[in-house]
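The values are calculated or read from the model by the stated rules, or taken from the named source; none is laboratory data. The model shown is predicted, which means the values in this text are computed figures rather than measured ones. Methodologically, a virtual Cβ is constructed for each residue, glycine included, from the backbone with ideal geometry; neighbour enumeration extends over all protein chains shown.
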């Protein structure tokens, strides 16, 4: 009897792994198809990404590449990132089809709004970085040049730096959604977030120092919105927290 149960469990695990492999293959195929669509526009995408730096560069400066294949691979990298964004609805669909059988009815109802909100907040964070942080950060960093120091930023370094900031801001903008999710699970509430606010602010500045260049101005550009998002998370937790209800029950 015990052996039969173990065999059933092993069969179930293998079925889940096979289903996971199938969904991952479909996600990868979707990204590859999207890459075929985005690569022809890689030059335009590259121009959009480097525009904030080009605007702030002094006259006579250019963005350069030092390796023969460097410019090509940078266009491939940008196209791949764009393909991941373009295929994200398909990827979310495959993820949803994988986890759906294991969710309760209430969890299924909240899943789609949750995924939509995560996407919207991530894009908002990326847009905030591109439109507001980039111009001020680049202008501040380039102000240390002048005279004998002529900036000639490398395309590889810049793309890595820009994508890092975009993804960092996209991720940290998810804070209110994470707060909503944890509040619904009864793991946090507004009172706890207020009580731990001093620690949270310290962590926020540490995170800002990790994800931004080593200058106070750029760190403040990330830490400021993060503190506001933490305040929004407190409001979200106050509205949606189930901890009091669970304690009462």
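Listing for the model above:
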{"quantity": "Extreme residue, modelled with the lowest pLDDT, among residues of the range 206-243 that are assigned to a helix (DSSP H, G or I) and more than 21 Å from residue 133 (Cβ to Cβ)", "calculated": "243"}
{"quantity": "Hits in the range 84-103 (condition: over 24 Å from residue 133 (Cα atoms) and in contact (Cβ under 8 Å) with a residue 40 or more places away in the chain)", "calculated": "87, 90, 91, 94, 95, 97, 98"}
{"quantity": "Any hit, the range 141-149, residues being assigned to a helix (DSSP H, G or I), under 14 Å from residue 225 (Cβ atoms) and either touching a strand residue (DSSP E or B) at 6+ places or on another chain (Cβ under 6 Å) or touching a residue at least 60 places away in the same chain (Cβ under 8 Å) (or both)", "calculated": "no"}
{"quantity": "Number of positions in the range 160-178 that are outside any helix (DSSP H, G or I) and under 23 Å from residue 73 (Cβ atoms)", "calculated": "0"}
{"quantity": "Checking residue 246 against (1) modelled with pLDDT under 85; (2) surrounded by 18 or more Cβ atoms within 10 Å (Cβ to Cβ); (3) part of a helix (DSSP H, G or I), the condition it does not meet", "calculated": "(2)"}
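Here is a yes/no grid of residues against (1) part of a helix (DSSP H, G or I); (2) within 22 Å of residue 216 (Cβ to Cβ):
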| residue | (1), (2) |
| --- | --- |
| 157 | yes, yes |
| 180 | yes, no |
| 186 | no, no |
| 191 | yes, no |
| 200 | yes, yes |
